[in-house]
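Some notes on the structure that comes next.
The values are calculated or read from the model by the stated rules, or taken from the named source; none is laboratory data. Please read all numbers here as calculations on a predicted model, not as lab measurements. Ideal geometry is used to build each Cβ from the backbone, glycine not excepted, and the neighbour counts take in all protein chains shown. To get the accessible areas, we keep the full protein, side chains included, count just its heavy atoms, and leave off ligands, DNA and RNA. Shrake-Rupley method; radii C 1.70, N 1.55, O 1.52, S 1.80 Å.
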Amino acid sequence: MKILPKNFNPLAFITISLIIALLMFASFIAAFAEDEGTSGGGLLSTILAATFQILRFPFHTLFWGVITEYMALYFPALLLNIIFYSFAIERLIAFISKGR
């Protein structure tokens, strides 16, 4: 039984995952610095901190009550967000390239 789509590209998925993971890490650090008041207040740090609010969707937004009760789920939920976005972007790329 095959779970993944027939035209799934694992190399694209891994590449996208690494890029999103780096962006998630940078935005997490920027959001943490902004919350602590140690952010420089520059344009890049403000944009990265705002980007974290986007990247924490959907699992942190939908299951925040569970995550605050079990804080050990905080980083695994971020990992699930990375996987979710990577899969969605990979499918979007496959859909767009199929049309050519």
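Can you give the relative contact order of the chain as a percent, counting alpha carbon pairs under 8 Å and 6+ residues apart? Kindly include the intermediate steps, with their values, before the conclusion.
Numbers: 66 pairs, mean separation 36.2, N = 100.
That works out to 36 percent.
Measuring with a 1.4 Å probe in the full set of protein chains, what accessible area per residue, in whole Å², belongs to region 10-99?
Values: 5930 Å² over 90 residues.
Normalised by residue count, the accessible surface of region 10-99 is 66 Å².
Given (i) 33, 16, 11; (ii) 20, 16, 12; (iii) 29, 18, 10, which label gives semi-axes √(5λ) of the Cα gyration tensor in Å as computed from the coordinates?
Entry (iii).
How large is the charge dipole for the chain, taken about the Cα centre, if only the Cβ atoms of Lys, Arg (+1) and Asp, Glu (-1) carry charge, to the nearest 20 debye?
Numbers: 6 positive and 5 negative charges, 161 e Å.
Dipole about the Cα centre, nearest 20: 780 debye.
Ignoring any ligand, DNA or RNA, what whole percent of the accessible area of the chain comes from carbon and sulfur when the probe is 1.4 angstrom? Working shown, then result.
On the way: 5380 of 7200 Å².
It is 75 percent, rounded to a whole number.
From largest accessible area down, sort Glu90, Glu69, Glu34; use a 1.4 Å probe on the protein chains. Please list the in-between numbers first.
Details: Glu90 5, Glu69 125, Glu34 95 Å².
Output order, biggest surface exposure first: Glu69, Glu34, Glu90.
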